[in-house]
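The values are calculated or read from the model by the stated rules, or taken from the named source; none is laboratory data. Note that the structure is predicted; figures quoted are calculated from it, not measured. We place every Cβ from the backbone using ideal geometry, glycine too, and count neighbours over all the protein chains shown.
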Amino acid sequence: MLPGEDLVSDGQDGRSDVDGHGTQMAGIIAAHGHGDGGGTLGVAPNAKVLPIRLSINAFGTSGEAVKAVTFAQKHGAGVINMSFGSADDAPVQAAIRAALAADIVVVASSGNRGEPGGDFPGRYPEVLTVGATDPADRIASFSITGPQVDLTAPGVDIVTTGINSSGYYQGSGTSEATAVVSGAAALVRSRFPELSAAEVVHRLTATATDAGDPGRDDSYGYGRLNIVAALTANVPAAPASAHSETTPPSTAEALPQRFPKRTSPLVITGTAAAAVLILGGLVLTLMLRRRR
């Protein structure tokens with residue numbers, strides 16, 4: 001856990017969590033267990049977290065989010081995790097676009113049904129938008145669907161770190177699913193350091209396991225996250241056209257390829273005010289309005 005930034009309390013470095021949501025998301029991404037089978041293990045346990053604390057359940061202006069994304073960019077973040085909901089806000093979208101231009105992967109949640117706050121930044125085309133699945137690999141009842149969804153990942157009854165007396169937490173939401181994908185993006189950036197942010201996103205979506213209607217659909221996006229395939233499959237380069245749905249076959253062992261609707265660099269964001277460094281790449285998790 002690196003020293004980060006606290007945009008709420010003066011003189012703090014972002015490593016104090018009074019809400020718990022940030023700690024939960026950071027654990028899903030980077031918890032490393034106790035080495036004896038105890039504790040909980042995150043998706044990318046060697047990742048480093050750069051924490052940035054923002055206001056909880058008070059996302060009314062763009063100022064804090066813009067400052068957080070800018071801070072992450074200046075401090076070398078390779079992945080930004082955004083597990084929160086807000087209204088459409090041009091300055092926030094502009095900050096995300098600047099992060100994309102800096103070769104950062106931004107991941108955002110699709111949002112939870114019936115939850116106030118809004119469906120952005122998940123509805124911005126610049127981010128990798130994640131929905132949640134349940135243990136039966138069905139779309140979770142709370143997960144918002146639509147054309148903005150790019151990928152799905154487990155988001156029900158996820159065990160992670162917490163700030164309560166036990167030190168652990170079990171929760172459900174698109175926040176949790178988004179953190180899983182952010183951890184996967186960190187692994188891909190570590191395994192393939194030569195890939196651009198856009199190519200990382202392409203690899204994650206192209207190797208997803210198709211679900212729902214054949215091809216991309218508004219429930220599963222390009223499918224369910226398949227981390228093993230993302231780290232091992234022979235994935236052809238993304239087509240020149242962002243609208244192309246086909247590509248020449250790769251190897252016999254590779255999974256069928258599906259391509260994202262955009263090929264510009266994407267930034268991955270999340271919920272806990274933090275950023276993660278994994279072999280040269282930082283993952284930023286922003287602690288804002290919780291997703292469920």
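Data for the structure
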{"read-out": "Any pair with Cβ under 6 angstrom, 6 or more apart, that starts in region 29-43 at a residue that is closer than 14 Å to residue 158 by Cα and ends at one that is assigned to a loop (DSSP other than H, G, I, E, B) and hydroxyl-bearing (Ser, Thr, Tyr)", "value": "31/40"}
{"read-out": "Residue within region 174-186 that is of a type in the set (S, T, N, Q) and farther than 20 Å from residue 21 by Cβ present", "value": "no"}
{"read-out": "Only listed residue being touching a Gly at 6+ places or on another chain (Cβ under 6 Å) and in contact (Cβ under 8 Å) with a residue 12 or more places away in the chain, chosen from 2, 54, 50", "value": "50"}
{"read-out": "Only listed residue being closer than 13 Å to residue 182 by Cβ, hydroxyl-bearing (Ser, Thr, Tyr) and out of contact with any Leu (no Cβ under 6 Å at 6 or more places or on another chain), chosen from 109, 9, 86, 16", "value": "109"}
{"read-out": "Answer residue from region 62-89, given it is within 11 Å of residue 102 (Cα to Cα) and of a type in the set (S, T, N, Q) and is surrounded by the fewest Cβ atoms within 10 Å (Cβ to Cβ) among those", "value": "70"}
{"read-out": "Residue within region 88-101 that is of a type in the set (Lys, Arg) and farther than 16 Å from residue 126 by Cα present", "value": "no"}
{"read-out": "Residue among 78, 27 that is in contact with a Gly (Cβ under 7 Å, 6 or more places away or on another chain), part of a helix (DSSP H, G or I) and closer than 24 Å to residue 231 by Cα", "value": "27"}
{"read-out": "Looking only at region 129-139, and only at residues there that are of a type outside the set (A, V, I, L, M) and touching a residue at least 12 places away in the same chain (Cβ under 8 Å), the one that is farthest from residue 222 (Cα to Cα)", "value": "135"}
{"read-out": "Answer from 178, 152 - the residue that is under 21 Å from residue 45 (Cβ atoms), among the polar types (S, T, N, Q) and out of contact with any His (no Cβ under 7 Å at 6 or more places or on another chain)", "value": "178"}
{"read-out": "Some residue of region 96-116 being of a type in the set (A, V, I, L, M, F, W, C), within 15 Å of residue 144 (Cα to Cα) and in contact with a Pro (Cβ under 9 Å, 6 or more places away or on another chain)", "value": "yes"}
{"read-out": "Some residue of region 182-191 being assigned to a helix (DSSP H, G or I), crowded, with 24+ Cβ neighbours inside 10 Å, of a type in the set (Ser, Thr, Tyr) and modelled with pLDDT of 95 or more", "value": "yes"}
{"read-out": "Unmet criterion (only one of (1) closer than 22 Å to residue 213 by Cβ; (2) touching a Gly at 6+ places or on another chain (Cβ under 6 Å)) for residue 189", "value": "(1)"}
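Each row is one residue, and each column tells you yes or no for (1) surrounded by 21 or more Cβ atoms within 10 Å (Cβ to Cβ); (2) without any contact (Cβ under 8 Å) to a residue 12 or more places away in the chain; (3) out of contact with any helix residue (DSSP H, G or I) (no Cβ under 7 Å at 6 or more places or on another chain).
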| residue | (1), (2), (3) |
| --- | --- |
| 108 | yes, no, no |
| 127 | yes, no, no |
| 145 | no, no, yes |
| 153 | yes, no, no |
| 164 | no, no, yes |
| 178 | yes, no, yes |
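Here's the yes/no breakdown for (1) crowded, with 24+ Cβ neighbours inside 10 Å; (2) at pLDDT below 50; (3) assigned to a loop (DSSP other than H, G, I, E, B):
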site	(1), (2), (3)
199	no, no, no
213	no, no, yes
240	no, no, yes
243	no, yes, yes
250	no, yes, yes
253	no, yes, yes
277	no, yes, no
286	yes, yes, no
